[in-house]
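Asks: Just passing along the structure, written as structure tokens.
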Amino acid sequence: MNFKTWIKKQGVAFWLTLATVVLAIVGLILYGVALGSGMGLSIANGSQPFYQADRDEDSVMIATVLPCGIIALVALIGSVVLEQFSSKEGIAGKVMGICADVLRVVAPVLLLVVTINFVYGSFTGLGWTFFSNDELEIYAKAISTGKTVITGIVFFLVAAICSVVSSFFSLKKPEAKAE
């Protein structure tokens, strides 16, 4: 089978999963940028840091977002790869199909965990930056970091939604039955 034929055999879920992978990768990059620029950054007159590794919510975010995001990416890619081999006859093909289906359920759950923990760890920084008193001086770098955080959260949320939607469709188009 050539590449063109293989592409034509891919279903809606394949393309949604591919979009989910791209969205999640962009989200992880934005998370890394936000974490790098926000770690120790003063957000309002020096009153609070945007992120601080020893603050409980930040340590939870740091411990979960990257590992869960990477596992979600592996699950998404693994589901696509396993689905390509699930059409094989016998028990091995059935097992691969079941594993692919399980990975397609695990991935959106992990992406939601990533989104929730990114929001949870960013509450302090976002709150002080965008919702503090008018008399406080808010630093431009904190505003930039806040915008990066919000953009990253949106990417993770859209990736999670896209992943949920893709699990309702088939990764491969059904093969036409010969009459």
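Values in this text are rule-based calculations from the coordinates and carry no lab data. All values reported here derive from a predicted model rather than from experimental measurement. Ideal geometry is used to build each Cβ from the backbone, glycine not excepted, and the neighbour counts take in all protein chains shown.
Asks: Extent of the stretch 70-119 along each principal axis, from alpha carbon coordinates, in Å, largest to smallest?
Replies: Computed over the stretch 70-119, the largest-to-smallest principal extents equal 45, 12, 10 Å.
Asks: How far, in nm, would the chain grow between Ser144 and Phe123 when pulled straight, counting 0.36 nm per residue and subtracting the alpha carbon separation?
Replies: Working: separation 21, 0.36 × 21 = 7.56 nm, distance 1.53 nm.
Stretched fully, the Ser144-Phe123 segment lengthens by 6.0 nm.
Asks: Still on this structure: Identify the GluC sites (Glu not before Pro) of the stretch 48-121 meeting these criteria: DSSP loop state and at most 11 other C-beta atoms within 10 Å of the C-beta.
Replies: When the GluC sites (Glu not before Pro) of the stretch 48-121 are filtered for loop state and at most 11 Cβ neighbours within 10 Å, Glu89 remain.
Asks: Shifting gears a bit: For the stretch 26-32, take each phi angle, set θ = phi - 60°, evaluate the Karplus expression 6.51 cos²θ - 1.76 cosθ + 1.60, and give the result in whole Hz per residue in order, putting x for glycine and proline.
Replies: 4, x, 5, 5, 5, 4, x
Asks: Arranged from highest to lowest average of other beta-carbon atoms within 10 Å per residue, in what order do the peptides 20-32, 111-123 appear? All intermediate terms of the calculation are to be shown ahead of the outcome.
Replies: Values: 20-32: 19.7, 111-123: 21.8.
Ranking, from highest mean packing down: 111-123, 20-32.
Asks: Oh, and also: If packing is taken as the mean number of other Cβ atoms within 10 Å per residue, what is the order of 60-70, 149-159, highest first? Before the final figure, lay out each step's value.
Replies: Numbers: 60-70: 17.8, 149-159: 21.4.
In descending order of packing, they fall as 149-159, 60-70.
Asks: Then there is this: Note down the magnitude of the dipole of the chain about its Cα centre, charges +1 on Lys and Arg C-beta and -1 on Asp and Glu C-beta and zero elsewhere, to the nearest 20 debye. Show your work: numbers first, answer last.
Replies: Numbers: 12 positive and 12 negative charges, 212 e Å.
That gives the chain a dipole magnitude of about 1020 debye.
Asks: Sort the stretch 1-65 into rounded, prolate or oblate with this rule: let a ≥ b ≥ c be the square roots of the eigenvalues of the Cα gyration tensor; rounded if a/c is under 1.5, and if a/c is not under 1.5, prolate when a/b is larger than b/c, oblate otherwise. Provide the component values of the computation, followed by the final result.
Replies: Working: a/c = 5.16, a/b = 3.72, b/c = 1.39.
Judged from the Cα gyration tensor, the stretch 1-65 comes out prolate (a/c at least 1.5, a/b above b/c).
Asks: Taking a threshold of 29 Å on the Cα-Cα distance, which of the pairs Lys4/Lys94; Lys4/Lys147; Lys147/Lys173 fall above it? Spell out each step's value before the answer.
Replies: Numbers: Lys4/Lys94 26 Å; Lys4/Lys147 41 Å; Lys147/Lys173 40 Å.
Distance filter (> 29 Å) returns Lys4/Lys147; Lys147/Lys173.
Asks: Bins of 10 Å, beginning at zero and ending with the bin holding the largest distance: percent of Cα pairs per bin for the chain, please.
Replies: 10, 32, 25, 16, 10, 5, 1, 0
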